[in-house]
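Colleague: Sending over a structure as structure tokens; questions will come in a sec.
The values are calculated or read from the model by the stated rules, or taken from the named source; none is laboratory data. Please read these numbers as outputs of a predicted model, since none were measured by experiment. Here the Cβ positions follow ideal geometry from the backbone for every residue, glycine too, while neighbour counts run over all protein chains shown. Heavy atoms of the whole protein, side chains included, go into the accessibility calculation; ligands, DNA and RNA do not. Shrake-Rupley method; radii C 1.70, N 1.55, O 1.52, S 1.80 Å.
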Amino acid sequence: MITLKSPREIEAMEKAGAALAGMHLGIREFIRPGMSSWKIEEFARKYFKAAGAKAEQIGFEGYKYATCVSVNDEICHGFPRKKLVLKKGDLVKVDTVVSVDGFFSDSCWSYAVGEVKPEIAKLMDVTKKALFMGIDQCVPGNRIGDIGAVIQHYTEDENGYGDVREFVGHGIQPTMHEDPMVPHYGEHGQGLRLRNGMTITVEPMINTGTWEADTSDPSGWLAKTADGGWSCQYEHTLVITNDGPKILTSQDPEADAKYLYDDNYAKYLDHYGKIAREIAEQFK
């Protein structure tokens, strides 16, 4: 069922979004070659406890971790691993869902470990731009297909990448995954019509090669590219409003000024960012 959120609910989701964005601000302070991906999980758990946020992925359908940490050709749902040591040039995707006082947020971000090859830097740039191109379609009256159509055209037709089909965005609140499903491919004018008050995620996963995924990993979670190409992902939670799409997980209120729901967000992020950076010092 799709629920339209009230201003009170959106404001509560804003706070949860800022708490999650704070985690990403912290990670960028210490991610580096030579550290294990498990350090990201350790940091996230410590930060969430200090921030008063609940790691909603723990226990979800048997998942055991607060974060998903996927590297290079891993598309999504990778476990944080003590034996996986990050190398210079790696591309790391960190995805998580948190709640604050029962209100949810979901965001993934991609990180370059040290300096990456030019072709990977381009993949990151294109994927991030695709995210915002999709978000810009999230206005009342448009349809779900409009989001996917612009992302698919830009990533596949204009840049020759693979736009993952197997994993899509989704509605969010009052639980982690709600209707509607939000594919990052499709046709303009098709699908559910968007309405004021809907809260969804847009989260394109873009590959250097084929869009197809290999989901045969014994864990039952990890998905890799079918051809060994590298994959990138960026994700925001947002609300559709009559004033345009409003991002609830922004890491940069100044750059995202036109996408902010109200002035409270920057205050929340400042609060959580300080907590995250203090804890990140322990992981450097």
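Colleague: What number of residues in the stretch 209-242 are closer than 25 Å to VAL69 by Cα, among the polar types (S, T, N, Q) and not in a loop (DSSP other than H, G, I, E, B)?
Modeller: The number of residues fulfilling the criteria is 4.
Residue-by-condition table, conditions (1) under 21 Å from PRO245 (Cβ atoms); (2) not basic (Lys, Arg):
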residue	(1), (2)
LYS129	yes, no
MET133	yes, yes
GLN137	yes, yes
ASN142	yes, yes
ASP146	yes, yes
VAL150	yes, yes
GLU156	no, yes
VAL168	yes, yes
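Colleague: Counting only residues that are part of a loop (DSSP other than H, G, I, E, B) and aromatic (Phe, Trp, Tyr), which one in the stretch 132-170 is farthest from PRO204 (Cα to Cα)?
Modeller: Among those that are part of a loop (DSSP other than H, G, I, E, B) and aromatic (Phe, Trp, Tyr), it is TYR161.
Colleague: When residues of the stretch 113-157 are filtered for being under 30 Å from LEU84 (Cα atoms), of a type outside the set (S, T, N, Q) and in contact (Cβ under 8 Å) with a residue 60 or more places away in the chain, how many remain?
Modeller: Residues in the stretch 113-157 being under 30 Å from LEU84 (Cα atoms), of a type outside the set (S, T, N, Q) and in contact (Cβ under 8 Å) with a residue 60 or more places away in the chain: 10 in total.
Colleague: Consider the stretch 54-102. How many of its residues are free of Cβ contacts under 8 Å to residues at least 60 places away in the same chain, open to solvent by 10 Å² or more (accessible area, probe 1.4 Å) and charged (D, E, K, R)?
Modeller: Going through the stretch 54-102 one residue at a time, the tally reaches 8.
Colleague: Filter the stretch 206-233 down to the residues that are open to solvent by less than 30 Å² (accessible area, probe 1.4 Å), within 9 Å of GLY162 (Cβ to Cβ) and touching a residue at least 60 places away in the same chain (Cβ under 8 Å) and list them by number.
Modeller: Answer for the stretch 206-233, where residues must be open to solvent by less than 30 Å² (accessible area, probe 1.4 Å), within 9 Å of GLY162 (Cβ to Cβ) and touching a residue at least 60 places away in the same chain (Cβ under 8 Å): ILE206, ASN207, THR225, GLY229, SER231.
Colleague: For the stretch 1-38, which positions are basic (Lys, Arg) and outside any helix (DSSP H, G or I)?
Modeller: LYS5, ARG32
Colleague: List the pairs whose first member sits in the stretch 255-284 and is more than 16 Å from LYS15 (Cα to Cα), whose second member is open to solvent by 60 Å² or more (accessible area, probe 1.4 Å) and not acidic (Asp, Glu), and whose Cβ atoms are under 6 Å apart, counting only residues at least 6 apart or on separate chains?
Modeller: These pairs meet every condition: ILE279/LYS46; PHE283/LYS39.
Colleague: May I pose another question? Answer with yes or no whether TYR272 is of a type in the set (Phe, Trp, Tyr), buried (at least 18 other Cβ atoms within 10 Å of the Cβ), at pLDDT 95 or above and not in a helix (DSSP H, G or I).
Modeller: No.
Colleague: Tell me, yes or no, whether the stretch 50-69 has at least one residue that is closer than 20 Å to ILE275 by Cα and assigned to a helix (DSSP H, G or I).
Modeller: yes
Colleague: Which condition breaks for ALA149 when tested against (1) small (Gly, Ala, Ser); (2) buried (at least 22 other Cβ atoms within 10 Å of the Cβ); (3) touching a Ser or Thr at 6+ places or on another chain (Cβ under 9 Å)?
Modeller: (3)
Colleague: Here are some residues: PRO253, PRO245. Which one is in contact with a helix residue (DSSP H, G or I) (Cβ under 8 Å, 6 or more places away or on another chain), open to solvent by 10 Å² or more (accessible area, probe 1.4 Å) and not in a loop (DSSP other than H, G, I, E, B)?
Modeller: Checking each option against the conditions leaves just PRO245.
Colleague: If THR175 meets every condition in (1) part of a helix (DSSP H, G or I); (2) open to solvent by 10 Å² or more (accessible area, probe 1.4 Å); (3) more than 18 Å from SER70 (Cβ to Cβ); (4) not small (Gly, Ala, Ser) apart from one, which number is that one?
Modeller: (1)
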